[in-house]
Amino acid sequence: MRLLDLVAQSTTAPPTLPGGWAFPGAHRFADAVRTCPLRLVLADDLIQCTTLLAYAEGKRLGGCLDLIHVPAQQLWLEWLEATRQSTLREIAQFAGISCSSLRRRSGVLIAADRPGRAGTMRTFWSTQDEQVYSGPLLTDFDLDRVMRPALDLDAVFSGAAVGVVLPEEAALDELLSHVCFRLDPAWANYYRAANLTESEQLLLLREVLGTSAFDMPMILALFLLFAAKDGLRRRVADLQRLNHARQACGKQALLEHIEVRAPITLGYECPSSVASTANRRRGPRLHHVRGHIARRGDHVFWRLPHLRGNARFGVVRSRTVQLSFR
């Protein structure tokens with residue numbers, strides 16, 4: 001089942017946390033998802049496309065922030081986590097990451113201002129057995145100003161925001177300077193009552209940041225394509241017959257949503273993995289070229305990741321995509 005339906009159909013609270021604190025479960029946001037005017041579900045090809053675009057070389061997304069805005073003031077967005085993680089492993093700096101088997105689908109509920117340049121994002125995920133959870137972090141973003149507060153552990157565990165710094169990745173670091181993170185008030189109360197040591201707080205903070213901090217580049221890449229002319233293919237999911245059958249069985253109807261695909265990759269096939277292409281090499285010339293971004297005024301050019309070398313390993317039909325914003 002889609003994550004949006006799991007959240008929308010959440011009706012009871014999970015067990016309380018130790019100490020009697022109420023668990024901030026997904027059931028609290030069921031109404032928000034049901035009434036959300038725009039619900040997007042990403043297809044596998046778009047998950048791959050936006051993940052690669054998020055970490056492309058060249059100008060990177062940081063050079064295109066003025067072209068990006070959230071397409072609605074209230075927005076639901078979800079994706080298959082295994083597809084995103086496997087795509088991340090195609091990128092050199094993420095090659096060593098392991099895909100968690102705990103998460104099946106991930107999603108975010110976004111509340112943005114009218115221009116779509118600033119807002120707050122809450123994360124959700126479901127497991128293989130369709131249990132649904134609400135993340136402990138809230139993500140705030142503002143694409144028009146830097147908003148990266150320095151780390152103050154006492155303040156963070158009292159509800160203050162914290163930023164993420166990546167000095168070894170200048171372009172990504174610039175992007176993250178427009179994002180900050182803060183604990184959900186219920187979680188902040190719980191952790192504060194647990195009397196954690198400083199080292200335990202640091203370990204916990206790194207863990208919860210790792211679950212959400214790197215969603216934003218992929219999401220901003222999606223909004224860049226969303227703003228581009230003909231940048232996406234959209235199809236309203238036809239649930240009429242399925243919902244009729246579900247209602248006849250006494251089940252809740254599934255929510256309407258828009259399935260989104262990436263037409264800019266039609267005719268292009270990205271190699272399944274760096275390792276698999278390496279095993280097929282017949283000579284040193286064949287190698288994988290990482291995608292990169294270039295910008296000329298209101299036009300963004302994305303050089304797709306591709307193979308270069310012996311044609312027996314496949315023909316790349318198109319490698320450069322132009323995104324127009326006029």
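The values are calculated or read from the model by the stated rules, or taken from the named source; none is laboratory data. Treat the numbers as computed from the prediction; the structure is a model and nothing was measured. Heads up, the Cβs are rebuilt from the backbone with ideal geometry, glycines too, and the neighbour counts pull from every protein chain shown. Please note that ligands, DNA and RNA were not included when accessible areas were found on the heavy atoms of the full protein model with its side chains. Shrake-Rupley method; radii C 1.70, N 1.55, O 1.52, S 1.80 Å.
Out of ALA194, ALA228, which single residue is more than 24 Å from VAL7 (Cβ to Cβ), of a type in the set (A, V, I, L, M) and touching a strand residue (DSSP E or B) at 6+ places or on another chain (Cβ under 7 Å)? The unique qualifying residue is ALA228. For ARG145, the test of being surrounded by fewer than 15 Cβ atoms within 10 Å (Cβ to Cβ) and either of a type outside the set (A, V, I, L, M) or modelled with pLDDT of 90 or more (or both) is passed. Contact annotation: residue pairs with Cβ atoms under 7 Å, 6 or more positions apart or on different chains, pairing a residue in segment 212-229 that is touching a residue at least 24 places away in the same chain (Cβ under 8 Å) and over 16 Å from ASP66 (Cβ atoms) with a partner that is open to solvent by less than 10 Å² (accessible area, probe 1.4 Å) and polar (S, T, N, Q), are SER212/THR123; SER212/THR139; ASP215/THR123; MET216/THR139; MET218/THR50; MET218/THR51; LEU222/THR50.
In this structure, LEU52 does not qualify as surrounded by 15 or more Cβ atoms within 10 Å (Cβ to Cβ), at pLDDT 70 or above and part of a strand (DSSP E or B). One residue stands out among those in segment 55-89 that are assigned to a strand (DSSP E or B) and open to solvent by 30 Å² or more (accessible area, probe 1.4 Å): the one that is modelled with the lowest pLDDT, which is GLY58. The residues in segment 210-248 that are under 15 Å from the mean Cα position of the chain (by Cα) and loosely packed, with under 15 Cβ neighbours inside 10 Å can be counted, and the count is 1.
Quick one: which of ALA194, ALA213, ALA186 is in contact with a Pro (Cβ under 6 Å, 6 or more places away or on another chain) and either modelled with pLDDT under 90 or of a type in the set (Asp, Glu) (or both)? If you could, list the steps in order and put the result at the bottom.
Working: ALA194 fails: in contact with a Pro (Cβ under 6 Å, 6 or more places away or on another chain); ALA213 fails: in contact with a Pro (Cβ under 6 Å, 6 or more places away or on another chain).
From the options ALA194, ALA213, ALA186, the qualifying one is ALA186.
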